[in-house]
Amino acid sequence: MSPARDQRQKRRCHPVSRGLPGFLGRRRIASHPCVRAIHARRPPCRLASGRCSPWYSTARQRESARWPVRRPNQVVPVWSVSRFFVPEWAGIRFRADHSGPVAGGEEQNDCIGVAPTLPRPGRGRYNRMRMTESPHVIIADLSDHVDSTVTLEGWLQGKRSGGKVIFLHLRDGTGECQCVVEAGAPTVFEAAGTLTQESSLRISGAIRADDRAPGGFEMSVTALEVVHIAEEYPIARKAHGVDFLMSHRHLWLRSRRPGQILRIRHTMIKACRDFFDDRGFTLIDTPILTPGAGEDTQTLFPVDYFGEEAFLAQTGQLYLESACMALRKVYCFGPTFRAEKSKTRRHLTEFWMLEPEIAFAELDDVVDLAEDMMCHIVARVLERHRADLENLGRELAPLEKVTAPFPRITYSDAVDQLRSPETLIFLEEELVRDRARLAQWMAELKTLEQQLEEARKPWQQEKIRAQMSDLTEVIGDLERDVENRPQHIQLAQSFEWGKDLGGSDETIISRQYERPVFVTDYPREAKAFYMKVSPHDSRVVRNVDLLAPEGYGEIIGGSQREDDADMLEERIKAFGLDPADYGWYIDLRRYGSVPHGGFGLGIERTLSWICGLKHVRETIPFPRLMGRMYP
RNA sequence: UCCGGCGUAGCUCAAUGGUAGAGCGGGUGGCUGUUAACCACUAGGUUGUAGGUUCGAGCCCUACCGCCGGAGCCA
C-alpha cells in the first residue's frame with residue numbers, strides 16, 4: 001500500500017479526530033439520536049423476544065423517534081445533520097450531494113488494509129474506536145447481519161488451510177465465527193497466512209449462512225487488519241492436564257469451557273443479587289480486615305495491621321447482624337478467606353459467599369428464604385444457559401427438579417435415617433447398581449481399546465487415548481467410591497447422635513432425595529456459639545444446612561441467632577472464648593433484641609453443583625488453593 | 001497433619017534393568033471447503049533433585065522437592 005493512499009485513508013477514517021467541525025460539535029454528536037443509537041452498539045442490546053441488532057432495537061425501543069435508525073445498508077432519512085456530526089466509524093456514509101447518509105458500507109474495500117504495527121493509541125474515543133467503514137458487530141448478533149458486510153474484532157482461535165483457501169476461526173468474546181479467506185484477494189490471503197493462534201485482528205466481509213460452518217454462519221473475508229501477531233501460544237488445540245492449564249489460567253480463560261463457566265457464574269451471581277434486591281434487601285459491605293476475636297485462629301489468615309495482628313474475614317455475619325437491626329433485611333456479598341489446610345476438590349482458600357440476614361425472623365423464615373433463592377437462581381441459569389450447561393456435559397434433568405418445596409428433616413431424623421434398615425437396603429441396592437455401571441464402563445473401555453487398534457491415523461489414536469484416559473479416571477473414581485461404600489454404610493449404620501455429619505453421611509442423605517435437602521437442629525456442641533438454642537430441645541440449636549443433590553455436599557449453612565444477651569454470653573464462655581472480645585456483638589441483644597437469622601451461600605460450591613463440575617477451582621477466575629497462588 | 005498416586009521433548013503420553021520414542025504444537029514444502037483438516041520433510045532431551053544398588057538405571061532402593069487425589073475441617 002502506498003504512503004499516499006495510506007494518508008488518504010487516514011483522512012477518510014478520522015474526520016472527527018482531525019479537528020474538523022464535527023469535533024467542535026461533540027456534545028451535539030453525543031446527543032444526536034442517530035449517534036446514541038450507534039453508541040448503543042456497546043454493550044450489545046438484546047430484547048427479551050430474542051436476538052436483535054443494537055441498531056434495530058434502539059430504533060424499536062424509541063417508537064416515536066424522529067430519527068429512526070434502521071438496519072445497515074438502508075438509506076436513512078436524516079435531514080438537518082451535517083456529515084461531520086456522525087463519525088465515519090459508525091459505518092454511515094454520506095451521499096456526495098449531502099442529501100443524507102447511507103448506512104452501511106457500500107464501498108467496503110477501499111478503507112481497509114493490513115496495519116503493519118499496532119494501531120497508534122489515540123486520545124479521543126473516535127481515535128480509539130476504529131474505523132473500517134462497515135459496521136462493527138459482535139458474533140452473537142451475526143444472525144441479524146446475514147448478507148450484509150460487517151467488521152468483526154477478535155482473536156484467532158484456530159486456522160486451517162487448503163492451498164488456495166484459509167479458514168480463520170475467530171473468537172470475539174461473544175461467540176465464534178469461521179472466516180473464509182480465498183486466494184483471490186492476495187494481500188488479505190498473505191496476511192491471513194501469517195496469523196498465529198490467538199493473534200488479534202479486525203476482519204471484514206460479507207456474512208453468509210452456510211451449513212458447513214460451525215455455528216451456521218461464516219464470513220467471506222474481503223479485508224483484514226492485523227492488530228497483533230501472537231507469539232507461540234502455549235495452550236494447543238488438544239487435551240491438556242489440569243495442572244498445566246491452571247498454571248496458564250490467565251490464558252486458559254480464553255478457552256471455551258472456562259468462558260462458559262464464568263458466564264454462568266455471572267448469571268448466578270446476578271440472579272442472587274436480583275433476588276434480594278427485588279425483596280427489599282439492602283446490600284451491606286462488611287469488613288475484610290477484622291480484629292483477632294480470640295476465635296479459633298487456625299483457619300484465619302493473619303495480617304500485620306500496623307503492628308497489631310488482624311485477620312482476613314471468614315464471614316460477614318456478625319457485622320451483618322448489626323446492620324440487620326438497622327435496615328431489617330440485608331445481605332452481603334464478598335470474598336471470604338479460610339486458611340484450612342484442605343486439598344480437596346471442594347476447597348478454596350479464597351471464595352465468595354452471599355450472606356442474607358433478616359430481622360423478626362425465626363428458623364422457618366430463614367429456610368423459606370433459602371428455598372426461594374435456590375429455586376430462583378437455578379431457574380435463571382436454566383433459562384439462560386441451557387446450551388452452555390449441555391456443552392459442559394451437565395445433565396439438565398436433576399436441575400429441572402429443583403423446585404419448592406425441598407424436603408426438610410431434622411438432624412435427629414437424619415440420624416434415624418442413617419441407621420434405618422431402609423437406608424441399608426437403599427445403599428446396598430445402590431451399590432449393586434454402581435457395580436453394574438462400573439462393569440458397563442469397563443465394557444466401554446474395552447470397546448475403545450478395540451477402536452484404538454483399528455484406528456489407523458495417529459491423531460485418531462490420540463483422540464481415542466484421550467477418551468480412554470477420561471473414562472479410566474471416571475472408573476477409578478467410581479471404583480474407589482464403591483470400595484469405600486461398605487465402610488460408609490458401616491459408619492452410617494453405627495452413627496451416634498451428637499456427632500457432626502461427616503462427608504459420607506451427607507452424601508448418603510442427599511442421595512436419597514432428588515432435590516436439595518434441608519437438615520436442621522444439629523447438636524449444640526457441633527455448631528457455632530451464636531446459634532440459638534432450640535426452645536423445644538436444649539440439646540440442639542436452630543440451624544440449617546442445605547445439602548446439594550448428587551453428592552455435592554453442603555452449599556448453605558445458616559441459623560437463627562441467639563437473641564438473649566445472657567444466654568449468648570454463656571455460650572461464648574462455653575466455647576472457651578472471652579465475652580470481652582464480643583462486646584459490641586452482645587450489645588445488639590441489649591437494645592431491642594429481636595429474633596433474627598440468616599445463612600451463607602458458597603458461590604463456588606453451588607456453581608460447581610449447577611455446572612456438574614468435579615472441582616470448585618474451575619468456578620472462579622483465579623483460584624486460590626493451598627499451594628497455588630499463581631497466576 | 002496423615003494416607004495414596006504421579007514427576008520422561010513446549011504439551012499429552014509410551015518405553016521386560018540393555019540403542020529414550022510417538023502424536024500434537026513450532027519450522028519448511030504441498031493441497032480451493034476445512035471442522036483439533038490432511039500429506040511429506042525437519043528441529044526439539046542433564047528422564048524433578050541428590051545419593052545408593054548394578055557390568056549397565058527412565059525403570060530397583062533412600063531422602064528431599066513439586067503436583068494431584070482422599071481423610072479430618074469446612075461453604
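Bear in mind these aren't lab numbers, they're just calculated from the coordinates by the rules spelled out. Only a predicted model underlies this, so the values are computations on that prediction, with no experimental measurement involved. For neighbour counting, all protein chains shown are included, and Cβ atoms are generated from backbone atoms with ideal geometry for every residue, glycine included.
Computed values, structure above
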| read-out | value |
| --- | --- |
| Projected label distance in nm at A:PHE360 and A:GLU514, using a 7 Å step from Cα toward the beta-carbon | 3.8 nm |
| Cleavage-rule hits, trypsin sites (Lys or Arg not before Pro), the stretch A:567-597, DSSP coil, Cβ neighbours within 10 Å at most 10 | A:ARG590 |
| Fully extended contour minus Cα-Cα distance, from A:ASN484 to A:VAL227, at 0.36 nm per residue | 87.0 nm |
| Reachable lysines, given that their alpha-carbon falls under 25 Å from the alpha-carbon of A:LYS573 and they are not under 8 places away in the same chain | A:LYS499, A:LYS527, A:LYS532 |
| Cβ crowding within 10 Å averaged over residues, with A:552-561, A:438-447, A:536-545, A:393-402 ranked highest first | A:552-561, A:536-545, A:393-402, A:438-447 |
| Cα centre as origin, Lys/Arg/Asp/Glu Cβ charges: the stretch A:206-276 dipole, Debye | 400 debye |
| Dipole of the stretch A:480-631 [Lys/Arg +1, Asp/Glu -1 at C-beta], most positive-end residue of A:HIS536, A:GLY627, A:GLY503 | A:GLY627 |
| Extension reserve of the A:ASP413-A:SER255 stretch, reckoned as 0.36 nm per residue once the Cα distance is removed | 52.3 nm |
| Within the stretch A:295-342, trypsin sites (Lys or Arg not before Pro) in DSSP loop having at most 15 other beta-carbon neighbours inside 10 Å | A:LYS341 |
| Built amide H within the under 5 Å cut-off of A:THR286, gap 5+ | A:PHE333 |
| Quotient of Cα Rg and 2.2 N^0.38 Å for the stretch A:313-440, N being how many residues it contains | 1.41 |
| Hz values of 3J(HN,Hα) by residue in the stretch A:407-420 - Karplus curve (6.51, -1.76, 1.60), Gly and Pro given as x | x, 10, 10, 8, 3, 4, 4, 4, 5, 4, 4, 4, 8, 6 |
| Whichever aspartates and glutamates have a C-alpha closer than 12 Å to that of A:LYS614, once near sequence neighbours (fewer than 8 apart) are set aside | A:GLU473, A:ASP477, A:GLU550, A:GLU604 |
| Rounded to whole Hz, the Karplus (6.51, -1.76, 1.60) HN-Hα couplings of the stretch A:280-287, x for glycine and proline | x, 7, 10, 6, 10, 8, 8, x |
| Spatially proximal aspartates and glutamates relative to A:LYS238 (Cα-Cα < 16 Å; intrachain offsets below 8 disregarded) | A:GLU198, A:GLU462, A:ASP470 |
